[in-house]
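Worksheet: the structure to be examined is printed underneath.
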Amino acid sequence: MSSTAAPATGLATAPGHGRTTVAPRALDRVVSAVTADTFGVTARAVQVQLSDREGLLTLHVRTPIRVVSLERVRQTPELVETGGGTLLRQGEDGQKTIRERVSALTGAQVAHVTVELTGIQIRPEKRVA
């Protein structure tokens, strides 16, 4: 996991006295974990770049994606839809999921999420006994 982090921004302040911030490293880890969970890979495989856009958080994530094998898709074409759709659709859905979950977990207002799919990991077949 690597990160280029900007200062912690876009975070809602808690009511009352004082101020609560989330450090860039913590944001990086949250974004990595959410991205990994979204695309079915390990957090170590995810690269995150955080930046600030007029006080709002922008995210650029680079990640592989876990998919079923091409051989299985040839045998059962409907696996594309039941497996989350095309790579493009999964990337678009992933953007929305990452934005919503990062905002919910950190309180940050996320302005933009860019997802760059860097490769695929073949989902292992489950054996039926």
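Here are the numbers:
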| quantity | calculated |
| --- | --- |
| Exclusive hit being within 15 Å of Val102 (Cβ to Cβ), among the basic types (Lys, Arg) and modelled with pLDDT of 90 or more, set Arg29, Arg62 | Arg29 |
| One residue from Leu105, Leu70 being farther than 18 Å from Val31 by Cβ and aliphatic (A, V, I, L, M) | Leu70 |
| Where a residue in the range 77-100 is β-branched (Val, Ile, Thr) and its partner, wherever it lies, is in a loop (DSSP other than H, G, I, E, B), with Cβ under 9 Å and at least six apart | Val80/Val68; Val80/Thr86; Thr82/Thr76 |
| The range 20-39, residues that are over 11 Å from Thr106 (Cβ atoms) and within 10 Å of the chain's Cα centre (by Cα) | Ser32, Ala33, Thr35, Ala36, Asp37, Thr38, Phe39 |
| Scope the range 48-65; condition surrounded by fewer than 17 Cβ atoms within 10 Å (Cβ to Cβ) and under 14 Å from the mean Cα position of the chain (by Cα); matching residues | His60 |
| Leading residue by the ranking (modelled with the lowest pLDDT) among those in the range 73-87 that are at negative phi and not in a helix (DSSP H, G or I) | Gly83 |
| For Leu11: the one exception among (1) within 19 Å of Gly119 (Cα to Cα); (2) hydrophobic (A, V, I, L, M, F, W, C); (3) at pLDDT below 95 | (1) |
| Count of the range 41-72 residues which are in a strand (DSSP E or B) and of a type in the set (A, V, I, L, M) | 8 |
| Residue in the range 88-106 that is buried (at least 18 other Cβ atoms within 10 Å of the Cβ) and assigned to a strand (DSSP E or B) present | no |
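The values are calculated or read from the model by the stated rules, or taken from the named source; none is laboratory data. Everything quoted here is computed from the prediction, not taken from an experiment. So basically every Cβ, Gly included, is an ideal-geometry build from the backbone, and we count neighbours across all protein chains shown.
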